[in-house]
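The values are calculated or read from the model by the stated rules, or taken from the named source; none is laboratory data. Just so it is clear, the model here is predicted, and its values are computed rather than measured. Please note: Cβ atoms are built from the backbone with ideal geometry, for glycine as well, and neighbour counts cover all protein chains shown.
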């Protein structure tokens with residue numbers, strides 16, 4: 001388990017202390033450090049980072065507003081010389097609040113806490129990837145979650161789609177092209193101008209027809225070569 005981290009602090013000495021502590025932890029890897037919070041913000045916004053050591057009291061952009069400005073913040077550890085920010089920082093659900101000067105013993109305790117949170121976050125992300133889903137609008141007020149592995153066929157009905165699962169059918173307002181583009185290409189394939197199907201739900205292919213759940217669907221002439229190649233690739 002490798003945890004990537006970034007330091008943002010306007011005090012060079014504070015950065016040096018954290019760098020030294022991090023160098024003694026095998027599974028924590030420092031990717032970058034910044035004394036300018038704006039430069040640090042631009043880096044964290046664009047680069048995947050697991051953990052951020054962030055000073056609270058900085059000019060231009062303080063740590064509190066820094067975190068609030070991130071759409072998807074990493075795990076956060078605030079560092080500061082002042083205790084007065086503790087309550088507000090924990091309202092942001094940060095991992096820890098380190099008071100300067102930061103001893104290695106206190107830093108190590110912080111890392112243990114971060115490791116637990118990282119494992120939980122990583123496991124949740126892996127579960128989401130293994131069990132991806134979409135929300136479709138059933139009516140003006142209700143969104144229905146459908147796991148992608150439940151979908152058999154998506155059928156175009158002009159400006160609407162019929163999404164068929166093993167147990168239900170859902171009518172939604174969308175086009176087949178736009179809906180198919182949202183689906184993982186390794187799992188779904190367009191077989192006709194009116195149909196997209198789940199590859200792993202195909203039972204048989206005979207000529208220009210395939211069968212899913214006892215129902216036959218025509219494969220369009222312009223799609224048939226791609227369909228057969230995709231089936232061969234998925235089974236190899």
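Taken together, 142, 125, 167, 180 contain a single residue that is at pLDDT 90 or above and either surrounded by fewer than 17 Cβ atoms within 10 Å (Cβ to Cβ) or farther than 30 Å from residue 96 by Cα (or both), which is 167. Looking across the range 135-184, not a single residue is part of a loop (DSSP other than H, G, I, E, B) and in contact (Cβ under 8 Å) with a residue 60 or more places away in the chain.
Rundown of residues vs (1) in contact with a helix residue (DSSP H, G or I) (Cβ under 8 Å, 6 or more places away or on another chain); (2) exposed (fewer than 13 other Cβ atoms within 10 Å of the Cβ), yes/no style:
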{"site": "24", "(1), (2)": "yes, yes"}
{"site": "30", "(1), (2)": "yes, no"}
{"site": "51", "(1), (2)": "yes, no"}
{"site": "75", "(1), (2)": "yes, no"}
{"site": "96", "(1), (2)": "yes, no"}
{"site": "105", "(1), (2)": "no, yes"}
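Restricted to the range 80-93, and to residues there that are surrounded by 10 or more Cβ atoms within 10 Å (Cβ to Cβ) and within 27 Å of the chain's Cα centre (by Cα), the residue that is modelled with the highest pLDDT is 93. With respect to residue 166, determine if the residue is under 19 Å from residue 132 (Cα atoms) and in contact with a helix residue (DSSP H, G or I) (Cβ under 8 Å, 6 or more places away or on another chain). Taking the combined requirement at face value, the residue satisfies it.
Note on the range 190-207: residues that are loosely packed, with under 15 Cβ neighbours inside 10 Å and more than 12 Å from residue 153 (Cα to Cα) amount to 5. Does the range 105-112 include one or more residues that are more than 21 Å from the chain's Cα centre (by Cα), part of a strand (DSSP E or B) and more than 19 Å from residue 34 (Cα to Cα)? Within the range 105-112, not a single residue is more than 21 Å from the chain's Cα centre (by Cα), part of a strand (DSSP E or B) and more than 19 Å from residue 34 (Cα to Cα). All of (1) modelled with pLDDT under 90; (2) surrounded by 13 or more Cβ atoms within 10 Å (Cβ to Cβ) hold for residue 58 with one exception: (1). Residue count for the range 18-35 satisfying the condition of being at pLDDT 95 or above and not in a helix (DSSP H, G or I): 10. Mind checking whether some residue in the range 2-17 is assigned by TED's automatic domain parsing to the domain that holds residue 115, in contact with a helix residue (DSSP H, G or I) (Cβ under 7 Å, 6 or more places away or on another chain) and assigned to a helix (DSSP H, G or I)? No, the range 2-17 contains no residue that is assigned by TED's automatic domain parsing to the domain that holds residue 115, in contact with a helix residue (DSSP H, G or I) (Cβ under 7 Å, 6 or more places away or on another chain) and assigned to a helix (DSSP H, G or I).
Taking the criterion of being surrounded by fewer than 16 Cβ atoms within 10 Å (Cβ to Cβ) and farther than 15 Å from residue 50 by Cβ, the residues of the range 1-20 that qualify are 11, 12, 13, 16, 19, 20.
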